[in-house]
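Everything on this sheet refers to the single structure shown next.
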Amino acid sequence: MAFAGRIRSGISLFKTIAVSDSISSARSFPSGRPLIPALRDYATASAEKTGNVKVPVALVGESGNFASWLYIAAVKMNSLEKIESDLSELVEAMKASPIFSQFTKDPSVPRETRLAAIVDVCDKAKFAEPTKNFLSLLAENGKLKNLDVIVKKFMQLTTAHRGDVKVLVTTVMPLPPAEEKELKETLQEIIGEGKKVTVEQKIDPSIYGGLIVEFQQKVLDMSIRTRAQQMERLLREPVDLSNL
């Protein structure tokens, strides 16, 4: 029970779950436009027809914005599962083909070549039209190099959409089954019923001991490394002898 107690001690850190602003409906983008306005238009239009869509997890950074806009468009068009499947297939293809992966990241490849290649890939793979439009937009604007990060963040949104919560637990060695079960049950209490908790373990000897728990943009760091750093900062602070 001590293991669960360590998690519960940080429960306050998980109480505030950020939810992004809602925005409206989707439409196809006009080619040749600057990336940011085009993506915004891709995700927004005629709120009267479909109502607002809320992003289930607030993401930050450029890649997070791209993933959020794609999620909104996918929900509006009832294409979330198909787009998720398309992007998963594309990422696997990039892993299986280093040449294709390098092609998407090579800044020397002309824009027209990038665009033609990605359209050809989408057509042959029978990707959905929204997937093809989004990838074409990234290709036109030289953002395919960030595709793996964008897809990872998009999958984070689709997981949250289904009510699943993926928890990354970092330790110096794999958790014994009993401790993993206890951790999962404790996290389920924190997150609440109706959501499926999936625990992914990451091994990192550099944390020295303890554990780091991450989910939904929240981090509970109970590693020995962090505690040692905190102690070092405390010891480096000057001592005020005037109060002695």
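The values are calculated or read from the model by the stated rules, or taken from the named source; none is laboratory data. These numbers come from a predicted model, not from an experiment. Every residue, glycine as well, gets a Cβ built from its backbone with ideal geometry; the counts of neighbours run over all protein chains shown. Only protein heavy atoms, including side chains, enter the accessible area calculation; ligands, DNA and RNA are left aside. Shrake-Rupley method; radii C 1.70, N 1.55, O 1.52, S 1.80 Å.
Quick notes
- Cα-based shape type of segment 62-160, given that a ≥ b ≥ c are square roots of the gyration tensor eigenvalues and the cut on a/c is 1.5: prolate
- Relative packing of peptides 104-113, 135-144 - highest average C-beta neighbours within 10 Å first: 135-144, 104-113
- Restricting segment 147-194 to trypsin sites (Lys or Arg not before Pro) that sit in a DSSP loop and have at most 14 other Cβ atoms within 10 Å of their own Cβ leaves R162.
- Using the Karplus relation 6.51 cos²θ - 1.76 cosθ + 1.60 with θ = phi - 60°, the per-residue 3J(HN,Hα) values for segment 215-225 come to 6, 6, 6, 10, 10, 10, 9, 10, 7, 5, 4 Hz, with x marking Gly and Pro.
- Cα-based shape type of segment 91-146, given that a ≥ b ≥ c are square roots of the gyration tensor eigenvalues and the cut on a/c is 1.5: oblate
- Charge dipole (debye, nearest 20) of segment 105-211; +1 at Cβ of Lys and Arg, -1 at Cβ of Asp and Glu: 400 debye
- Simple spin-label estimate for V219 and S85 gives 3.7 nm between the two label positions (7 Å along the Cα-to-Cβ direction from each Cα).
- For segment 163-236, the Kirkwood estimate of the hydrodynamic radius, built from every pair of different alpha carbons, is 13.2 Å.
- Aspartates and glutamates whose Cα lies under 19 Å from that of K152, excluding same-chain neighbours fewer than 8 positions away: E62, E81, E84, D86, E89, E92, D164, E200, E214
- Along segment 140-152 the Karplus relation, 6.51 cos²θ - 1.76 cosθ + 1.60 evaluated at θ = phi - 60°, assigns HN-Hα couplings of 4, 9, x, 9, 4, 4, 9, 4, 4, 5, 4, 5, 4 Hz to successive residues, with x for each Gly and Pro.
- Listed residue pairs exceeding 19 Å between alpha carbons, taken from K166/K196; K95/K153; K95/K145: none
- Apolar share of the accessible surface for segment 163-236: 54 percent from carbon plus sulfur atoms, 1.4 Å probe.
- Label point of L235 set 7 angstrom out along Cα-Cβ; within segment 177-208, amide nitrogens under 19 Å from it belong to 207-208.
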